[in-house]
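The values are calculated or read from the model by the stated rules, or taken from the named source; none is laboratory data. Just so it is clear, the model here is predicted, and its values are computed rather than measured. Cβ: placed from backbone, ideal geometry, glycine included. Neighbour counts: every protein chain shown. Note: areas computed on protein heavy atoms with side chains; ligands, DNA, RNA excluded. Shrake-Rupley method; radii C 1.70, N 1.55, O 1.52, S 1.80 Å.
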Amino acid sequence: QVQLVESGGGLVQAGGSLRLSCAASGRTFSIYAMGWFRQAPGKERECVAAVTWSDVTTYYTDSVKGRFTISRDNAKNTVTLQMNSLKPEDTAVYYCAAKVPGGLWRPRLNIDYDYWGQGTQVTVSS
C-alpha cells in the first residue's frame, strides 16, 4: 500500500553533515507516522527519530538530540533527516519506516511500523 525510497546516504568525515530523504508513494493518505531507524553491525535496530504525519509530534533518541532534526512535507510526501555534527558511532544503515493508523504510537519499537524502505548506508570516518 505504501512504498518508501530513501536517498542521501554516503561517506562523510566526523563533524560533517548529511541530509537523508524518504519519498513515499502509494496510499500515502493512510500514513499515521514516519520514522528513521538505523542498524549498525552487531547492534539492534534503533529508532533515531520519528514524526506524526498530521500534528508533527516528534521523537528523538537521546544520542542524537541537538544534532539530528526530522521534518516532513505532506505536499511532497517526503520526510527528511538532517544530521549534523556526525560521529563515527552514527555509522549504520538508515531505514525509513511508516506506520498506519491503529494502536498506540510507540516510535521506538520497529515492530509497530508497517512499511520499510530499502535502507541507505551512512558512513562517518574518524
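Within segment 39-49, can one find any residue that is in a loop (DSSP other than H, G, I, E, B), among the acidic types (D, E), open to solvent by 30 Å² or more (accessible area, probe 1.4 Å) and under 20 Å from G119 (Cβ atoms)?
First, the residues of segment 39-49 that are in a loop (DSSP other than H, G, I, E, B): 40-45.
Retained after the next criterion (residues that are among the acidic types (D, E)): 44.
If we keep only those that are open to solvent by 30 Å² or more (accessible area, probe 1.4 Å) too, we end up with 44.
With the extra rule that they be under 20 Å from G119 (Cβ atoms), the set shrinks to 44.
Yes, the conditions are met somewhere in segment 39-49.
This table checks each residue for (1) modelled with pLDDT of 95 or more; (2) open to solvent by 20 Å² or more (accessible area, probe 1.4 Å); (3) outside any strand (DSSP E or B); (4) not charged (D, E, K, R).
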{"site": "R19", "(1), (2), (3), (4)": "yes, yes, no, no"}
{"site": "W36", "(1), (2), (3), (4)": "yes, no, no, yes"}
{"site": "L86", "(1), (2), (3), (4)": "yes, no, yes, yes"}
{"site": "C96", "(1), (2), (3), (4)": "yes, no, no, yes"}
{"site": "P101", "(1), (2), (3), (4)": "no, yes, yes, yes"}
{"site": "W105", "(1), (2), (3), (4)": "no, yes, yes, yes"}
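Identify the residue in segment 50-84 that is among the basic types (K, R) and open to solvent by 60 Å² or more (accessible area, probe 1.4 Å) and, among all such residues, is farthest from E6 (Cα to Cα). Please lay out each step first, then the result.
Kept after step one, since they are among the basic types (K, R), are these residues of segment 50-84: 65, 67, 72, 76.
Okay, now just the ones that are also open to solvent by 60 Å² or more (accessible area, probe 1.4 Å), so 65, 72, 76.
Numbers: K65: 22, R72: 14, K76: 14 Å.
Among those residues, the one meeting the criterion is K65.
Cβ-Cβ below 9 Å, separation at least six or inter-chain, first residue in segment 54-83 and in contact (Cβ under 8 Å) with a residue 60 or more places away in the chain, second open to solvent by less than 40 Å² (accessible area, probe 1.4 Å) and of a type in the set (S, T, Y): which pairs?
T80/S21; L81/S21; L81/Y94; M83/Y94
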